[in-house]
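Q: Below are the structure tokens for one structure; questions will follow.
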Amino acid sequence: MAELTTLARPYAKAAFEVAMGAGALDNWSKMLSLSAAVASNEIVSSLLKSPALSSEQIADSFLQVCGDELDEKGKNFIRLLAENKRLVLLLQISQLYEVLKANQEKSVDVEITTAFEISSEISSKLAQSLKARLKREIKLATRVDQSLIGGAVIRAGDTVIDSSVRGKLSKLAESMKS
């Protein structure tokens, strides 16, 4: 996984720089997301790995599937990836691009997983607290996982705050084994 990320990083940075220069961060986000979805398709994925097709044929086929959803720079990006045999990295490129975009926009996706449904009042208070702590705009998503028993697990980027009962029991069991 780390190797794919390493290979994808320069392409994500290049796409981000082009998008920043054109003021088209959201458009590139949509194009990369669509391209990643197309590349993840089982049939398309086997086509991308086909040694019988030239990189130009693969790029043309890929662009036909995408239709008019890609602008000219997006199409050129796909051709470049095909030429370098990197279309299989589109999912990683898209994910890295979204991280760069979130950093630029000073926002972060936060997922709060709780054992029970929380009210909108509590979720908005949590969002405000996280906004102050992380100094970023918060895009909050909540979900319920009853296996947590109680408490919550908060994921914000690569930060995880586990204050669930299940997490505490796991830590206790681990310390007792040591």
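The values are calculated or read from the model by the stated rules, or taken from the named source; none is laboratory data. The structure displayed is predicted, hence computed values, not measured ones. FYI the Cβ positions are ideal-geometry reconstructions off the backbone, even for glycines, and counts take in every protein chain you see. What goes into the accessible areas is simple: the full protein's heavy atoms, side chains included, and nothing from ligands, DNA or RNA. Shrake-Rupley method; radii C 1.70, N 1.55, O 1.52, S 1.80 Å.
Q: Which one of the conditions (1) open to solvent by 60 Å² or more (accessible area, probe 1.4 Å); (2) within 17 Å of ILE154 (Cβ to Cβ); (3) in contact (Cβ under 8 Å) with a residue 40 or more places away in the chain does GLN128 fail to meet, given that it meets all the rest?
A: So the condition that GLN128 fails would be (3).
Q: Please enumerate the residues belonging to region 32-46 that are touching a Phe, Trp or Tyr at 6+ places or on another chain (Cβ under 8 Å) and over 17 Å from THR5 (Cα atoms).
A: Those that are touching a Phe, Trp or Tyr at 6+ places or on another chain (Cβ under 8 Å) and over 17 Å from THR5 (Cα atoms): VAL38, VAL44.
Q: To continue, here is another question. Kindly provide the set of residues from region 138-178 that are of a type in the set (A, V, I, L, M) and closer than 14 Å to ILE112 by Cβ, ordered by number. If you could, list the steps in order and put the result at the bottom.
A: Quick first cut of region 138-178, residues of a type in the set (A, V, I, L, M) only: 138, 140-141, 144, 148-149, 152-154, 156, 160-161, 165, 169, 172-173, 176.
Answer for region 138-178, where residues must be of a type in the set (A, V, I, L, M) and closer than 14 Å to ILE112 by Cβ: ILE138, LEU140, ALA141, VAL144, LEU148, ALA152, VAL153, ILE154, ALA156, VAL160, ILE161.
Q: Another question, if that's okay. Could you tell me whether ILE138 is open to solvent by 20 Å² or more (accessible area, probe 1.4 Å), of a type in the set (A, V, I, L, M), free of Cβ contacts under 8 Å to residues at least 24 places away in the same chain and farther than 17 Å from ALA12 by Cβ? Spell out the reasoning first.
A: Working: open to solvent by 20 Å² or more (accessible area, probe 1.4 Å): yes; of a type in the set (A, V, I, L, M): yes; free of Cβ contacts under 8 Å to residues at least 24 places away in the same chain: no; farther than 17 Å from ALA12 by Cβ: yes.
It is false that ILE138 is open to solvent by 20 Å² or more (accessible area, probe 1.4 Å), of a type in the set (A, V, I, L, M), free of Cβ contacts under 8 Å to residues at least 24 places away in the same chain and farther than 17 Å from ALA12 by Cβ.
Q: Looking at region 163-178 only, could you name the residues that are closer than 19 Å to VAL144 by Cβ and either aromatic (Phe, Trp, Tyr) or open to solvent by less than 90 Å² (accessible area, probe 1.4 Å) (or both)?
A: SER163, SER164, VAL165, GLY167
Q: Scan region 59-106 for residues that are open to solvent by 10 Å² or more (accessible area, probe 1.4 Å), of a type in the set (Ser, Thr, Tyr) and touching a residue at least 24 places away in the same chain (Cβ under 8 Å) and jot them down.
A: Within region 59-106, just SER94 meets the criteria.
Q: Kindly indicate whether LEU126 is hydrophobic (A, V, I, L, M, F, W, C) and part of a helix (DSSP H, G or I). Break it down stepwise before answering.
A: Working: hydrophobic (A, V, I, L, M, F, W, C): yes; part of a helix (DSSP H, G or I): yes.
Considered against the rule, which asks whether it is hydrophobic (A, V, I, L, M, F, W, C) and part of a helix (DSSP H, G or I), LEU126 comes out as yes.
Q: Right, next: Can we say SER29 is out of contact with any strand residue (DSSP E or B) (no Cβ under 7 Å at 6 or more places or on another chain), part of a helix (DSSP H, G or I) and surrounded by 19 or more Cβ atoms within 10 Å (Cβ to Cβ)?
A: Working: out of contact with any strand residue (DSSP E or B) (no Cβ under 7 Å at 6 or more places or on another chain): yes; part of a helix (DSSP H, G or I): yes; surrounded by 19 or more Cβ atoms within 10 Å (Cβ to Cβ): no.
Against the criterion (out of contact with any strand residue (DSSP E or B) (no Cβ under 7 Å at 6 or more places or on another chain), part of a helix (DSSP H, G or I) and surrounded by 19 or more Cβ atoms within 10 Å (Cβ to Cβ)), SER29 does not qualify.
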